[in-house]
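One structure is given below, encoded as structure tokens.
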Amino acid sequence: MNLQHYTWLFFRLSGRISRAAYLLGGLLANLVPAFLLYRFTLAPEASQEGGMWAFAFITIGVICVYSIFALSVKRLHDFDKPGALALSLFVPFLSYIAFVALCLIPGDKAPNRYGEHTNEPA
């Protein structure tokens, strides 16, 4: 896989992805901010280092939230559902249920209106 494929996977809203790609991409997009939050908690209070880690956490956190949204849109496309349903990931308790459901529900084996194959741009 090249850089363009990763850019499509994490930042584009077109195409379809499989359950495995969604699970792994979602885990990565959650682990990166978790690591930055961990580093922030280790920094001394009111230090320049703490400010740097806080800035990194907020910046990367926003990027990762969008990435999870983009992954969810493509996962919904895999079983021919509109990407707007991915907004359910912003409802606190519903987000966990939606994530598990998107990891478990199998996609369409045949081509659909969002693409012919999974894990490639439409």
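The set of residues from the range 77-110 being touching a residue at least 24 places away in the same chain (Cβ under 8 Å) and part of a helix (DSSP H, G or I) comprises HIS77, ASP78, GLY83, ALA98, PHE99, LEU102, CYS103, LEU104.
What number of residues in the range 64-76 are under 17 Å from PRO106 (Cβ atoms) and either in a loop (DSSP other than H, G, I, E, B) or of a type in the set (A, V, I, L, M, F, W, C) (or both)? Matching residues across the range 64-76 total 2. Against the numbered list (1) part of a helix (DSSP H, G or I); (2) in contact (Cβ under 8 Å) with a residue 40 or more places away in the chain, LEU13 comes up short only at (1). For the range 64-122, taking the residues that are over 17 Å from ARG19 (Cβ atoms) and among the β-branched types (Val, Ile, Thr), the one that is surrounded by the most Cβ atoms within 10 Å (Cβ to Cβ) is identified as VAL65. In the range 9-29, the residue that is surrounded by the fewest Cβ atoms within 10 Å (Cβ to Cβ) out of those that are of a type outside the set (Ser, Thr, Tyr) and closer than 14 Å to ASP108 by Cβ is ARG19.
No value in this document is a laboratory result; all are computed from the given coordinates. Since this is a predicted model, take the numbers as computed values, not measurements. Don't worry about glycine lacking a Cβ; one is built from the backbone with ideal geometry, like all the others, and counts go over all protein chains shown.
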